[in-house]
Amino acid sequence: MMNKDCIETAYAFLHQKRNVYIHSSLEWQKDDIEYAIATYVDSMNGELYEAISGGQADFLRDHRRFREDITQAVERLEEVMEQREQSGACTGSAKPRQESTKTQMLEVSEVRGCESSSETPNIKDA
(Lines give C-alpha, C1' and ligand atoms only; values in the text may rest on other atoms or scores of the structure.)
Protein backbone atom coordinates (compact mmCIF):
# COMPACT_ATOMS: atom_id res chain seq x y z
CA MET A 1 0.00 0.00 0.00
CA MET A 2 1.21 3.49 -0.81
CA ASN A 3 0.94 5.67 2.25
CA LYS A 4 1.84 9.31 2.64
CA ASP A 5 5.15 8.58 4.37
CA CYS A 6 6.22 6.20 1.63
CA ILE A 7 5.47 8.72 -1.13
CA GLU A 8 7.08 11.64 0.68
CA THR A 9 10.18 9.63 1.55
CA ALA A 10 10.63 8.51 -2.06
CA TYR A 11 10.09 12.09 -3.23
CA ALA A 12 12.64 13.53 -0.78
CA PHE A 13 15.25 10.93 -1.71
CA LEU A 14 14.77 11.15 -5.49
CA HIS A 15 14.42 14.93 -5.50
CA GLN A 16 17.66 15.40 -3.57
CA LYS A 17 19.57 12.93 -5.73
CA ARG A 18 18.17 14.47 -8.94
CA ASN A 19 19.33 17.93 -7.90
CA VAL A 20 22.85 16.72 -7.22
CA TYR A 21 22.88 14.64 -10.42
CA ILE A 22 21.80 17.40 -12.81
CA HIS A 23 24.31 19.88 -11.40
CA SER A 24 27.23 17.49 -11.10
CA SER A 25 30.13 17.51 -13.52
CA LEU A 26 31.75 14.48 -11.86
CA GLU A 27 31.07 11.25 -13.72
CA TRP A 28 31.93 9.10 -10.68
CA GLN A 29 29.37 11.04 -8.61
CA LYS A 30 26.70 10.56 -11.27
CA ASP A 31 27.51 6.84 -11.40
CA ASP A 32 27.20 6.60 -7.61
CA ILE A 33 23.81 8.33 -7.74
CA GLU A 34 22.60 6.00 -10.49
CA TYR A 35 23.69 3.02 -8.41
CA ALA A 36 22.00 4.38 -5.26
CA ILE A 37 18.74 5.02 -7.11
CA ALA A 38 18.76 1.63 -8.85
CA THR A 39 19.36 -0.06 -5.49
CA TYR A 40 16.55 1.95 -3.90
CA VAL A 41 14.20 1.11 -6.78
CA ASP A 42 14.89 -2.61 -6.29
CA SER A 43 13.37 -2.39 -2.82
CA MET A 44 10.78 0.32 -3.51
CA ASN A 45 7.09 -0.22 -2.84
CA GLY A 46 5.83 -1.98 -6.01
CA GLU A 47 2.64 0.06 -6.28
CA LEU A 48 4.57 3.31 -6.02
CA TYR A 49 7.18 2.18 -8.55
CA GLU A 50 4.43 1.25 -11.00
CA ALA A 51 2.81 4.66 -10.50
CA ILE A 52 5.98 6.57 -11.32
CA SER A 53 7.36 4.26 -14.01
CA GLY A 54 4.21 4.12 -16.10
CA GLY A 55 5.10 0.54 -16.95
CA GLN A 56 8.39 1.56 -18.58
CA ALA A 57 10.88 -1.30 -18.49
CA ASP A 58 14.11 -0.49 -16.62
CA PHE A 59 12.77 2.85 -15.37
CA LEU A 60 15.53 4.52 -13.32
CA ARG A 61 17.88 1.63 -14.17
CA ASP A 62 19.00 2.53 -17.70
CA HIS A 63 22.17 4.64 -17.78
CA ARG A 64 21.25 6.11 -21.17
CA ARG A 65 17.89 7.41 -19.93
CA PHE A 66 18.71 8.09 -16.29
CA ARG A 67 18.65 11.90 -16.41
CA GLU A 68 15.25 11.89 -18.11
CA ASP A 69 13.91 9.12 -15.85
CA ILE A 70 14.93 10.78 -12.58
CA THR A 71 13.34 14.05 -13.73
CA GLN A 72 10.12 12.24 -14.68
CA ALA A 73 10.11 10.30 -11.40
CA VAL A 74 10.26 13.49 -9.35
CA GLU A 75 7.54 15.11 -11.47
CA ARG A 76 5.30 12.04 -11.18
CA LEU A 77 5.80 11.85 -7.42
CA GLU A 78 4.80 15.51 -7.18
CA GLU A 79 1.65 14.66 -9.16
CA VAL A 80 0.87 11.68 -6.91
CA MET A 81 1.28 13.83 -3.79
CA GLU A 82 -0.91 16.56 -5.28
CA GLN A 83 -3.63 14.08 -6.30
CA ARG A 84 -3.66 12.49 -2.85
CA GLU A 85 -3.85 15.89 -1.21
CA GLN A 86 -6.76 16.96 -3.42
CA SER A 87 -8.62 13.70 -2.86
CA GLY A 88 -8.16 13.89 0.90
CA ALA A 89 -6.16 10.67 0.88
CA CYS A 90 -3.27 12.22 2.78
CA THR A 91 -3.04 10.13 5.85
CA GLY A 92 0.11 9.30 7.67
CA SER A 93 2.34 10.59 10.36
CA ALA A 94 4.87 12.53 8.33
CA LYS A 95 5.90 15.79 9.93
CA PRO A 96 7.71 18.47 7.95
CA ARG A 97 11.40 18.69 8.70
CA GLN A 98 12.69 21.97 10.02
CA GLU A 99 16.31 21.20 9.27
CA SER A 100 18.91 22.75 7.05
CA THR A 101 19.42 21.51 3.51
CA LYS A 102 22.53 19.58 4.58
CA THR A 103 20.63 17.58 7.19
CA GLN A 104 17.79 16.81 4.79
CA MET A 105 20.04 14.60 2.68
CA LEU A 106 18.87 11.03 2.97
CA GLU A 107 20.71 7.76 2.86
CA VAL A 108 19.06 4.71 1.42
CA SER A 109 19.00 3.24 4.93
CA GLU A 110 16.62 6.03 6.02
CA VAL A 111 14.06 5.00 3.42
CA ARG A 112 12.89 1.97 5.38
CA GLY A 113 9.17 1.39 5.64
CA CYS A 114 8.51 1.72 1.93
CA GLU A 115 10.49 -1.18 0.63
CA SER A 116 9.31 -4.58 -0.39
CA SER A 117 12.38 -6.47 0.81
CA SER A 118 13.86 -6.63 4.27
CA GLU A 119 17.39 -5.70 3.23
CA THR A 120 18.23 -2.14 2.21
CA PRO A 121 21.91 -1.44 1.64
CA ASN A 122 23.45 1.56 3.36
CA ILE A 123 24.87 3.58 0.49
CA LYS A 124 26.71 6.73 1.43
CA ASP A 125 28.23 9.55 -0.59
CA ALA A 126 25.88 9.14 -3.53
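The values are calculated or read from the model by the stated rules, or taken from the named source; none is laboratory data. Because the structure is predicted, anything quoted here is derived from the model rather than measured. So basically every Cβ, Gly included, is an ideal-geometry build from the backbone, and we count neighbours across all protein chains shown. The protein model used for the area step is the full one, side chains on, heavy atoms only, and it has no ligands, DNA or RNA in it. Shrake-Rupley method; radii C 1.70, N 1.55, O 1.52, S 1.80 Å.
Worth a mention:
- All-pairs Cα distance distribution in segment 13-87, expressed in whole percent, bin size 5 Å: 3, 16, 28, 26, 15, 8, 3, 1, 0
- Take Tyr40: with every protein chain present and a 1.4 Å probe, its accessible area is about 10 Å².
- Extension reserve of the Asp42-Ser25 stretch, reckoned as 0.36 nm per residue once the Cα distance is removed: 3.5 nm
- Surface exposure of segment 29-84, expressed per residue as accessible area with a 1.4 Å probe, stands at 49 Å².
- Counted charge near His23, where neighbours are those whose Cβ lies closer than 13 Å (Asp, Glu -1; Lys, Arg +1): +4
- In this Cβ point-charge picture (+1 for Lys and Arg, -1 for Asp and Glu), segment 1-83 has a dipole of about 180 debye about its Cα centre.
- Among the protein heavy atoms of segment 1-80, carbon and sulfur supply 47% of the accessible surface, probe 1.4 Å, non-protein parts ignored.
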